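The values are calculated or read from the model by the stated rules, or taken from the named source; none is laboratory data. This structure is a prediction, so every number in the text was calculated from the model and none was measured. Note that we place each Cβ from the backbone using ideal geometry, even for glycine, and neighbour counts take in every protein chain shown.
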Amino acid sequence: MSGNTFGTLFCVTSFGESHGSAIGCVVDGCPPGLALGQADIQADLDRRKPGTSRHVTQRREPDEVEILSGVFEGLTTGAPIALLIRNQDQRSKDYSDIAELFRPGHADYTCWQKYGVRDYRGGGRASARETAVRVAAGAIARKWLAEKFGVVVRSYLAQLGEIPVPFESWDFVAGSPFFAPNLSLQPKLEAYMDALRSEGDSIGARINVVAAGVPVGWGEPVFGRLDADIAHAMMGINAVKGVEIGAGFASVGQRGSEHGDEMTREGFLSNNAGGVLGGVSSGQDILVSLAVKPASSIRREKRSINIAGEAVTVSTRGRHDPCVGIRAIPVAEAMLALVLIDHALRHRAQCGDVRTDTPKVAAQAPSADAQPPSPPKG
């Protein structure tokens, strides 16, 4: 099976299945000299791991990461970094009923037709369980980006089903089981999810991701566009069905007189471009918004076929997220960090010595009512 490596200079090769003995990855191209220990990675994994609240899957996985190579005396050496996360709470028997059935909305049918063999236990390689190793690799990227450039990557829940979540403050995100930036809405979100679980159904979500402190100049103007690589990375996350950069689809209704981000000596006056102009970072915040579909593993019966092509009904047992968008938030941050570190290294390789006399435009002109950045609503 090909297609398991991501990145050009900072490369991540992922391995493992949902119900195998372990999942893991090899990170190749990490610069040497970065102080790195398990705690640097574990904090991000703890935000993604299952069982953190009643609103996500109750599979109990500690998701403790082991660093097997590439670190000596607390510093990265430049050698490949091997990371391992052991699976400890598999219940493969929950999937025995679907060994010869195809679950609607899953990769069961397509992978069977492509490979002629299928690990039906929790989706095997196509399971969102694999994203834990992306979060682990992303934690390394985040630390390097923060130390070298002051880049901060964070995200939040912008919409749960039909409920929009207006941004109030980043301070509320860490303490919310939904990663919601709005404290007053939490009781409504909890009641909504409780009702959804009792109905045996699922719902989608919108996630907004912001990278602040990205320097001007990262990215390339044709096939290595920063925004294109971001979109590629985000669409590679399980269940993501749409990606917007900056104003995104809202730009359809904008005129050129309002969409183009004007510049003054004090800074940009808006950020409809989402921090990328001509495929190259502008120095403004990178603004990304994702549409995450409803989980397809639900208790409600749905029509499908079996491997003989016969009509069947499918009801998925096991422990599943009624909204996969919630735990996708740390994954989206990790994927953005992986794109940014890769482009930082690529920029350094070709253009690290380039200097211009033109002053750099500030990220955004200051205003009295400035709030933490968030992507424009579509």
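Of everything in region 203-228, what is assigned to a helix (DSSP H, G or I) and surrounded by 23 or more Cβ atoms within 10 Å (Cβ to Cβ)? Give them in sequence order.
Passing the criteria: Leu226, Asp227.
So how many residues does region 317-362 have that are loosely packed, with under 15 Cβ neighbours inside 10 Å and either part of a helix (DSSP H, G or I) or of a type in the set (Asp, Glu) (or both)?
6
Within region 240-279, work out how many residues are of a type outside the set (Phe, Trp, Tyr), loosely packed, with under 13 Cβ neighbours inside 10 Å and more than 19 Å from Ala212 (Cβ to Cβ).
Count: 9.
With surrounded by 16 or more Cβ atoms within 10 Å (Cβ to Cβ), modelled with pLDDT under 95, hydrophobic (A, V, I, L, M, F, W, C) and touching a helix residue (DSSP H, G or I) at 6+ places or on another chain (Cβ under 6 Å) as the only criterion, which of Val27, Val56 stands out?
When all the criteria are applied, what remains is Val56.
Would you confirm whether or not region 234-243 contains a residue that is outside any helix (DSSP H, G or I), over 29 Å from Arg129 (Cα atoms) and in contact (Cβ under 8 Å) with a residue 12 or more places away in the chain?
no
Restricting attention to region 237-271, report how many residues are touching a helix residue (DSSP H, G or I) at 6+ places or on another chain (Cβ under 9 Å) and under 22 Å from His347 (Cβ atoms).
Within region 237-271, residues that are touching a helix residue (DSSP H, G or I) at 6+ places or on another chain (Cβ under 9 Å) and under 22 Å from His347 (Cβ atoms) number 2.
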